[in-house]
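Encoded as C-alpha cells, the structure appears first; notes follow it.
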Amino acid sequence: EITKKQQALVKVIVDAYDRHQIPQDVAKKLLQDQYSAEENFLLLTEMATSQVQVLVEFTKNIPGFLSLDREDQIALLKGSAVEAMFLRSAQVLNKKMPSGHTEVLEERIRKSGISEEFITPMFNFYKSIGELHMVHEEQALLTTITILTPDRPYVKDQLAVERLQETILDVLRKMCLLHHPQDPQYFARLLGRLTELRTLSHYHAEMLTSWRVN
Amino acid sequence: PASNLGLEEIIRKALMGNLEE
C-alpha cells in the first residue's frame, strides 16, 4: 500500500516533471523545414542544452535534492544528464504523435552525422522503453532514480544520496505492483533499463570523444 | 548562447538561476 506521505511525494515529483518540458518553440523547430547535416547537428545541440536546463529545473524540485552538498548536486546532475535525456527522448519518441512526426524526428536524428553504430543502440533503447508501457508516474520516478544515483563520479556524501534514492525506489516498487499486478517482475525490468541506460551513456561518451578528435 | 557552454557550466548556471522567473 502506498502511504499518504508517499502519494504526496509522487505528486510533487510528477507535477515538477510535467511542468519542466522542453519549450514548445524549441521542440517545434524539429519539425520545420529541411536542414543540412550541420544545421541538424546544431539543432540537436540546442535541444540537448534545453533538455539539460529543463532537467536541472526538474531536479531542484525533487524533495531533499537541494539539501545535498552543492558540489554533490552538480556531480549528480553531470553524471545523469545524458541518461535522463535519453529517458526523456524515449518518452517523446514513444508518445503517440501526429502522423509523420515520428518519421521526421527519426530522420533528423539519422541525418545529424551521428554514426550508425551509435544510432542503432539508441533506437533499440527507445524501443525497449516503449515496450514497457510505463505509466506517467513511473517515468517521472525512474528519471528521479537515475538522477539520484549515488555512485556517480565525484559524489562525496554517497550515503545521503542513497537515502534519497531508496525513498523513491520504495515508492516505485509499490507503484509497479499496483499498476502491473500481472507482472511481478516489472519493477526488476524497469531497473534493468537503468543498466541499459548506463551502457548507452558509455557509447555516448565514446561518440563525443570521436567527434572531438574529428 | 547557452549551447556554446559545456555541460557543467550549463548545470551550474541553471542551478544558480531560476529559468521559470
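Does the range A:158-179 include one or more residues that are touching a helix residue (DSSP H, G or I) at 6+ places or on another chain (Cβ under 9 Å), at pLDDT 90 or above and not in a helix (DSSP H, G or I)? Among the residues of the range A:158-179, not one is touching a helix residue (DSSP H, G or I) at 6+ places or on another chain (Cβ under 9 Å), at pLDDT 90 or above and not in a helix (DSSP H, G or I), which makes the answer no. Within the range A:74-120, the residues that satisfy the criterion of being within 20 Å of A:THR195 (Cβ to Cβ) and exposed (fewer than 14 other Cβ atoms within 10 Å of the Cβ) are A:GLU117, A:THR120.
Looking at the structure I just gave you, is A:GLY64 at positive phi and free of Cβ contacts under 8 Å to residues at least 12 places away in the same chain? Judged against the criteria, A:GLY64 is not a match. The helices (runs of 4 or more DSSP H) found wholly in the range A:1-92 and carrying at least 2 residues that are aliphatic (A, V, I, L, M), within 10 Å of chain B (Cβ to nearest Cβ) and in contact with a helix residue (DSSP H, G or I) (Cβ under 6 Å, 6 or more places away or on another chain) occupy A:37-60.
The set of residues from the range A:93-124 being in contact with a Ser or Thr (Cβ under 8 Å, 6 or more places away or on another chain), closer than 13 Å to A:ALA27 by Cβ and either assigned to a loop (DSSP other than H, G, I, E, B) or among the acidic types (Asp, Glu) (or both) is empty. Within the range A:145-157, the set of residues being surrounded by 17 or more Cβ atoms within 10 Å (Cβ to Cβ) and in a loop (DSSP other than H, G, I, E, B) comprises A:LEU148, A:THR149, A:PRO150, A:ARG152, A:VAL155. Residues in chain B that are under 15 Å from A:MET47 (Cβ atoms), facing another protein chain (nearest Cβ under 7 Å) and at pLDDT below 60: B:ALA2, B:SER3.
The values are calculated or read from the model by the stated rules, or taken from the named source; none is laboratory data. Everything numeric in this text was worked out from a predicted model, so none of it was measured. In this analysis, Cβ positions are derived from the backbone assuming ideal geometry, glycine residues included, and neighbour counts consider all displayed protein chains.
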